[in-house]
1. Running a GNM on the chain with Cα contacts under 10 Å, which residue among ALA33, ALA68, ALA76 ends up with the highest mean-square fluctuation?
2. Could you identify which residue out of PRO52, PRO60, PRO96 has the top mean-square fluctuation in a GNM of the chain using Cα springs shorter than 10 Å?
3. How much solvent-accessible surface does GLU112 expose, in Å² to the nearest 10, with a 1.4 Å probe and all protein chains in place?
4. Determine the calculated [θ] at 222 nm for the chain from helices alone, applying -39500 (n - 2.57) to every DSSP H run no shorter than 4 residues and normalising by the residue count; nearest 500 deg cm²/dmol.
5. For a test of the definition: using alpha carbon positions, the gyration tensor, and the 1.5 limit on a/c, classify the chain as rounded, prolate or oblate.
6. What's the carbon and sulfur percent of the chain's accessible surface, probe 1.4 angstrom, rounded to a whole number?
7. Once you've got the GNM for the chain with C-alpha springs shorter than 10 Å, pick whichever of LEU61, LEU109, LEU35 has the biggest mean-square fluctuation.
8. Can you return the lysines within cross-link range of LYS29? Criterion is Cα-Cα under 20 Å, with same-chain partners fewer than 8 residues away left out.
Amino acid sequence: PQAGLVVGKKRWIDRLKQNPLYRVLRIDKIIVAALEQTLRHYVCNEAFTQIPFLKMLTCPLDELEAQAVRLQKSLAPFSSVKIERVTSKIGGGTFPNLTIPSVALSIALPKERLRWVETCLRNPQDANDIPILARIHHQRLWLDLRTIQPSELPMVEHRLRSILLSA
């Protein structure tokens, strides 16, 4: 969760509570609970295995390549699929320019179908599906494996196969 914490002497905290923005900016019980659980993961030295962003950030390249190979084999009958070394932007306000090595699947599609496939991935029709974010680069559809959890691979594979089949 994203939250700011103010700590300090009671008199200063009480003074901050008098500000009209206090009611707008205060966090609710759900954010407090999520923040507490996140902090517990750090205290118990399990942040890198339990916090999805940190798992993605620290996933070794060989694991990403193994996932890419699996998807490549599954999608090969439908299109020309390559595995490419890329760099991923961490993004956000904290690290807007930081990049790390990653692995991407690049899929060749006819020019007129590229945008359609990318839109189908981003806007699922089934309520059980999640959006899959890909990008178009050099007339190919690129899917960064660092942004996909291993548990999501079967769903991503199924969606890509069904979309490519109808493309």
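The values are calculated or read from the model by the stated rules, or taken from the named source; none is laboratory data. Just so it is clear, the structure is predicted and the values come from calculations on it, not from any experiment. Side chains are part of the model used for accessible areas, which takes the heavy atoms of the whole protein and leaves out ligands, DNA and RNA. Shrake-Rupley method; radii C 1.70, N 1.55, O 1.52, S 1.80 Å.
1. Answer for the Gaussian network model of the chain: ALA33.
2. PRO96
3. Surface accessible to solvent at GLU112 totals approximately 140 Å².
4. Working: 8 runs with 80 residues, N = 167.
For the chain, the value works out to -14000 deg cm²/dmol.
5. Working: a/c = 2.65, a/b = 2.17, b/c = 1.22.
Prolate, since a/c reaches 1.5 and a/b exceeds b/c.
6. Values: 6590 of 11490 Å².
On the chain, the fraction of accessible area on carbon and sulfur atoms equals 57 percent.
7. In this elastic network of the chain, the residue with the biggest mean-square fluctuation among LEU61, LEU109, LEU35 is LEU35.
8. Reachable lysines: LYS17.
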